[in-house]
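The next block holds one structure in the form of structure tokens; read it before the comments.
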Amino acid sequence: MDFSLTEEQELLRKTVRQFVDKEINPYIREWDEKQHFESSILTRLADLGLMGVCIPEQYSGSGMDYNSLAIVCEELERGDTAFRTAVSVHTGLNSMTLLQWGNEEQKQKYLTPQAKGEKVGAFGLTEPNAGSDVAAMQTTAVKEGEYYILNGSKTWISLCDVADHFLVFAYTDKSKKHHGISAFIVERKWEGFSSKAIKGKLGIRAGNTGELFFDNVKVPKENLLGQEGEGFKIAMSALDNGRFTVAAGACGTIMASLEASLKYCHERSTFGKEIGKHQLVQQMIAKMEAGLVQSRLLVFRAGWLKNQGKRNTRETSLAKWQACDYAWEAANDAVQIHGAYGFSNEYPVERYLRNAKAPVIYEGTREIHTVMQAEYVLGYREDKPLSSTLPAWPFEEAKETVK
Ligand SMILES: Cc1cc2nc3c(=O)[nH]c(=O)nc-3n(C[C@H](O)[C@H](O)[C@H](O)COP(=O)(O)OP(=O)(O)OC[C@H]3O[C@@H](n4cnc5c(N)ncnc54)[C@H](O)[C@@H]3O)c2cc1C
């Protein structure tokens, strides 16, 4: 076992940290207040090669390993959840899914510009009546000649107004239930596509989230991802990567909560001593440290499995569940440590708390992950092999084995 980061990974962490401190932290309070998504951040991330950090160089990505993506997510969420969420959907849910399931033509056409950051990808699974219960979706894709005609809507979709390409899941045969769902690559510019942001969110207010509408959208049959009926499996495998990024990001929220709390512990005095000297305050600090280290270990274990090309649904789910719960607790304790000042946006901790709620809900709620873990342990759930797997890292070797 080797727990050390490579020199390249250390440099990556430093680069993203400097970027966040310079380009995000000075402005984030204002963006959050105005519910403004600053899309130029994605352009800057693209300049740094961070929109395709773990995508092979063959498709214009940076070719780094999967744990490097985790490092990017940790550091981005230390600034704000909005930008980590953007990388989660663009890279974790969309690009990595194209890498795993796309044919060569689809990879050239969609993955390459996404890895360069010239185009932005997103992921449309949730519907007004279908969140945890994916098969309750109502969107349909009916084959007519060379096209599928897409009708329906999606909601709570991150980057709804920003993304160029969407992975959209729809029924091609409702009678087959889970086995009747298919996955499609859909472009914003096509006729019949529209989107609308949701305003008034509790957190991730500097992020763009909302609805997608499909009114007889003509999707060329070449844009079917995988086979007809493979959509549910594709969606679940996409979540193995999305959840990984969410778990890593949660470590960033814990880091930020800890950083702000440590500073305040040394600044604020009560009863003649720094509040950091009170044992009950120390208990909250200690919990944050324990949560950070435990979460990070779970994330890097999942990334290590990805690097080996091994199935990691179970390990990723555990990392996502635990890290997001720890992040929520850390942000809550950070507000507590700041006393009344934590209750105002004079300090960033109230934003951390509001932001930390959504990750406990999206990409599998806390309850869904709890049930999954119990089912694995009880022997009620097992993962069957998939027809396409994510390439192992280093990619050069992977290319040979994938062929
Ligand atoms: C900020 C934000 C961004 C998002 N981005 C995206 C995106 O980019 N793409 C996308 O497709 N979706 C996205 N989502 C949607 C998200 O994935 C769903 O909200 C999530 O899957 C939960 O679905 P739901 O909200 O319909 O809740 P429901 O499934 O209706 O659940 C309601 C409650 O019931 C509980 N529950 C449900 N079923 C069970 C069960 N079997 N056992 C125990 N408890 C259960 C849940 O845990 C929850 O507490 C986003 C959501 C948010 C908040």
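What the table below lists for this structure:
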| quantity | calculated |
| --- | --- |
| So G124, is it more than 10 Å from the ligand (Cβ to nearest atom), of a type outside the set (S, T, N, Q) and out of contact with any helix residue (DSSP H, G or I) (no Cβ under 6 Å at 6 or more places or on another chain) | no |
| Residue count for the range 44-95, restricted to those that are acidic (D, E) and within 16 Å of the ligand (Cβ to nearest atom) | 2 |
| Test result for L50, closer than 16 Å to E77 by Cβ, in a helix (DSSP H, G or I) and either in contact with a helix residue (DSSP H, G or I) (Cβ under 9 Å, 6 or more places away or on another chain) or open to solvent by less than 40 Å² (accessible area, probe 1.4 Å) (or both) | no |
| Meets criteria (open to solvent by 10 Å² or more (accessible area, probe 1.4 Å), over 19 Å from S388 (Cα atoms) and under 16 Å from the mean Cα position of the chain (by Cα)) for Q294 | no |
| Hey, D164 touching a helix residue (DSSP H, G or I) at 6+ places or on another chain (Cβ under 6 Å), within 16 Å of the ligand (Cβ to nearest atom) and of a type outside the set (S, T, Y) or not | no |
| Of all residues in the range 196-219 being more than 12 Å from the ligand (Cβ to nearest atom) and part of a strand (DSSP E or B), the one that is surrounded by the fewest Cβ atoms within 10 Å (Cβ to Cβ) | N216 |
| So K109, is it within 12 Å of the ligand (Cβ to nearest atom), farther than 21 Å from D240 by Cα and of a type in the set (K, R) | no |
| Residue in the range 11-24 that is among the aromatic types (F, W, Y), open to solvent by 60 Å² or more (accessible area, probe 1.4 Å) and in contact (Cβ under 8 Å) with a residue 24 or more places away in the chain present | no |
| Matching residues, the range 126-159, being in a loop (DSSP other than H, G, I, E, B), in contact (Cβ under 8 Å) with a residue 40 or more places away in the chain and either of a type in the set (S, T, N, Q) or open to solvent by less than 20 Å² (accessible area, probe 1.4 Å) (or both) | S132, M137, T139, L159 |
| R366 basic (K, R), within 16 Å of the ligand (Cβ to nearest atom), touching a residue at least 60 places away in the same chain (Cβ under 8 Å) and touching a helix residue (DSSP H, G or I) at 6+ places or on another chain (Cβ under 9 Å) | no |
| Residue count for the range 354-395, restricted to those that are of a type in the set (D, E, K, R), open to solvent by 80 Å² or more (accessible area, probe 1.4 Å) and under 26 Å from A334 (Cβ atoms) | 2 |
| Unmet requirement for K116, which otherwise passes all of (1) of a type in the set (K, R); (2) open to solvent by 20 Å² or more (accessible area, probe 1.4 Å); (3) under 25 Å from D215 (Cβ atoms) | (3) |
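This table checks each residue for (1) farther than 28 Å from T209 by Cα; (2) part of a helix (DSSP H, G or I); (3) away from the ligand (no atom under 16 Å from the Cβ); (4) touching a residue at least 24 places away in the same chain (Cβ under 8 Å).
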residue: A319; (1), (2), (3), (4): no, yes, yes, yes
residue: A331; (1), (2), (3), (4): no, yes, no, yes
residue: V335; (1), (2), (3), (4): no, yes, yes, no
residue: N345; (1), (2), (3), (4): no, no, yes, yes
residue: P359; (1), (2), (3), (4): no, yes, no, yes
residue: P385; (1), (2), (3), (4): yes, no, yes, yes
residue: E396; (1), (2), (3), (4): yes, yes, yes, no
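The values are calculated or read from the model by the stated rules, or taken from the named source; none is laboratory data. Please read all numbers here as calculations on a predicted model, not as lab measurements. Every residue, glycine among them, receives a Cβ derived from its backbone with ideal geometry; neighbour counts consider all protein chains shown. Note: accessible area is taken over every heavy atom of the protein model, side chains too, but ligands, DNA and RNA are not part of it. Shrake-Rupley method; radii C 1.70, N 1.55, O 1.52, S 1.80 Å.
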